Amino acid sequence: MKIACIGTGFVGVVTSAVFAKLGNQVVGLDIDEKKIDLLRQGIVPFFEPQLSELLVETQKTGNLTFTTDYSQGIKDSDIVMIMVGTPSAPDGQADLKYVFAATESLAPHLKDGAIVIVKSTVPPGTNAKVREIIKANTSVNFEMASVPEFLKEGTAVEDTLRPDRAVIGVESDRARDILVELHKPLTSNVVIMKPESAQMCKYAANNYLATRITFINQISDLCEANGADIQEVIKGIGQDKRIGAHYWYPGLGYGGSCFPKDVKEIAAYAKSINENESLFIKIDDLNSKRIGRLMAGYDKLAGGFAGKTVAVLGLSFKPNTNDTRVAPCLEVIPWLLDHGATVKATDPKAIEEIKPLLPTKVQYLNDVYETIKGASVVILLVEWDEYKTLDLSKINSLMSEPKYFIDTRNQYNASSMETAGLKYKGVGR
Ligand code: UGA
């Protein structure tokens, strides 16, 4: 099939490359010339495993091309996917200006019978507005559809190639047949519904996962108060098939470019329809306050951070990405500096990305042990593989008293830390 992918952000690049890999003719379209130039050279402007290789491979076969020209990108496309950014508006709802701008630009070039898919995360009702804009700018027949994206950063290529399901929101049998055919090589598990439901699936999935993380964080806090260990509790409840043990680890709260934003959007949407008691308002509030609350506890535990050197491990929002949007370090490091600590920090991929976002007095090092050298507290923020099998005796020899290892991702346990002569603090244990 001939597909135009508008927007070469995270979802846009991954989706274009994956559909091209499956043998479709894909044009990636963006108004940003610089980005398009880089992508043509196979350079991805962010770190994502397997993506650069896929980009090179699919451009070599001729299945993937990039352009900044709407006419060239849209005129032959059977399917047009809108995947532009939806930043948060001041009231917390999604700001749809880029979606509408892309719609206006694509409309005059649409081929008769094209299917326009809104893949950006947008509130139900958006398709109707997109349809109006297109109608005002073209006389050809077209159809609207909604196919939300469920990929995760760090495993985006894998998630797109082998999704658990494809959710396809359509208004006609014709669009259903075309889109089922398109997604067939990815999964046989295709769920068909109306576009509004498909859009709600995206919000519901992300808000459920954010709620699940907030729930386990709340249970962790209770565990700390009564001597239980959250890791044991997770094992115990996870055996219940209705609950499951996956995607269930506690920490400093959810971050990244999706959950914080999507929960805020659904909370703002709930308020806008007078659902002022909405669960999502509370979830957002709990998550927003979590780091401050936990840091105050760690401060007490370590006998005050003032005058201490703290080594921070992990600056991205999670492992296998250099994305720093709503990364825990963005709150943790300023908190430490405000409380009088000296901060040394490291990350396998995100040092350059984080530098402009943090005060200049933070010292960055590439080597994890150099980072820990001379620190009296280590805070592990991101569970990069590199930080999962650290040499604890070496760490002991490099640290100064009180030698606290704060493990916000529960990668270690108290007994191995104690054996190595370190004081351990996990989450919920
Ligand atoms: C998330 C969803 O998982 C994807 O399905 C969705 O497509 C994507 O948002 C999106 O809307 O585009 P992503 O933000 O890449 O993907 O990252 P996750 O791996 O889901 O992690 C989100 C946050 O939750 C991270 O801060 C992570 O550390 C935290 N988390 C995750 C936990 O604290 N505990 C967990 O058990 C899992």
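The table that follows gives values for the structure above.
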read-out	value
Selected residue (only one of ALA166, ALA210, ALA228, ALA205 is farther than 30 Å from VAL18 by Cα and at pLDDT 95 or above)	ALA228
Spans of helices (runs of 4 or more DSSP H) in the stretch 1-74 with at least 2 residues charged (D, E, K, R) and modelled with pLDDT of 95 or more	33-40, 51-60
Tally, over the stretch 368-388, of residues that are within 16 Å of the ligand (Cβ to nearest atom) and touching a residue at least 40 places away in the same chain (Cβ under 8 Å)	8
Residues (touching a strand residue (DSSP E or B) at 6+ places or on another chain (Cβ under 6 Å) and over 16 Å from ILE79 (Cα atoms)) located in the stretch 127-165	ARG165
Scan of the stretch 159-203 for residues that are loosely packed, with under 14 Cβ neighbours inside 10 Å and assigned to a helix (DSSP H, G or I), ordered by number	ASP173, ARG174, ASP177, GLU181
Residue tally, condition among the charged types (D, E, K, R), touching a helix residue (DSSP H, G or I) at 6+ places or on another chain (Cβ under 8 Å) and surrounded by fewer than 20 Cβ atoms within 10 Å (Cβ to Cβ), over the stretch 43-88	3
Where a residue in the stretch 1-16 is more than 23 Å from GLY113 (Cβ to Cβ) and its partner, wherever it lies, is open to solvent by 10 Å² or more (accessible area, probe 1.4 Å) and away from the ligand (no atom under 11 Å from the Cβ), with Cβ under 6 Å and at least six apart	THR8/ASP30; THR8/LYS35; GLY9/GLY85
Helices (runs of 4 or more DSSP H) (entirely within the stretch 227-302) containing at least 2 residues that are of a type in the set (Phe, Trp, Tyr) and away from the ligand (no atom under 11 Å from the Cβ)	279-301
Residues being open to solvent by 40 Å² or more (accessible area, probe 1.4 Å) and not β-branched (Val, Ile, Thr) - total across the stretch 230-260	13
Residue match in the stretch 132-153 (condition: within 19 Å of the chain's Cα centre (by Cα), more than 13 Å from the ligand (Cβ to nearest atom) and outside any helix (DSSP H, G or I))	no
Whichever residue in the stretch 1-23 is open to solvent by less than 20 Å² (accessible area, probe 1.4 Å) and farther than 13 Å from VAL80 by Cα and, among such residues, is farthest from the ligand (Cβ to nearest atom)	ALA20
Members of the stretch 89-104 that are of a type in the set (A, V, I, L, M) and either part of a loop (DSSP other than H, G, I, E, B) or crowded, with 17+ Cβ neighbours inside 10 Å (or both)	ALA89, ALA94, LEU96, VAL99, ALA102
Inter-residue pairs, beta-carbon under 6 Å, first closer than 30 Å to GLY85 by Cα and in the stretch 231-258, second among the small types (Gly, Ala, Ser) and outside any helix (DSSP H, G or I), 6+ apart	PRO250/GLY428; GLY255/ALA327
Members of the stretch 109-158 that are within 25 Å of THR321 (Cβ to Cβ), among the charged types (D, E, K, R) and open to solvent by 40 Å² or more (accessible area, probe 1.4 Å)	LYS152, GLU158
Residues being more than 15 Å from PHE10 (Cα to Cα) and in contact with an Asp or Glu (Cβ under 8 Å, 6 or more places away or on another chain) - total across the stretch 143-176	10
Selection within the stretch 196-226 - among the hydrophobic types (A, V, I, L, M, F, W, C) and either farther than 22 Å from GLY292 by Cα or within 14 Å of the ligand (Cβ to nearest atom) (or both)	ALA198, MET200, CYS201, ALA204, ALA205, LEU209, ALA210, ILE213, PHE215, ILE216, ILE219
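Quick grid of which residues meet (1) without any contact (Cβ under 8 Å) to a residue 24 or more places away in the chain; (2) open to solvent by 30 Å² or more (accessible area, probe 1.4 Å); (3) part of a strand (DSSP E or B):
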site: VAL326; (1), (2), (3): no, yes, no
site: GLU331; (1), (2), (3): no, yes, no
site: LYS344; (1), (2), (3): no, no, yes
site: LYS349; (1), (2), (3): no, yes, no
site: ASN366; (1), (2), (3): yes, yes, no
site: LEU390; (1), (2), (3): yes, no, no
site: PRO402; (1), (2), (3): no, no, no
site: ASN410; (1), (2), (3): no, no, no
site: SER416; (1), (2), (3): no, yes, no
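The values are calculated or read from the model by the stated rules, or taken from the named source; none is laboratory data. All figures in this text were calculated on a predicted structure; none of them were measured in a lab. Please note: Cβ atoms are built from the backbone with ideal geometry, for glycine as well, and neighbour counts cover all protein chains shown. The protein model used for the area step is the full one, side chains on, heavy atoms only, and it has no ligands, DNA or RNA in it. Shrake-Rupley method; radii C 1.70, N 1.55, O 1.52, S 1.80 Å.
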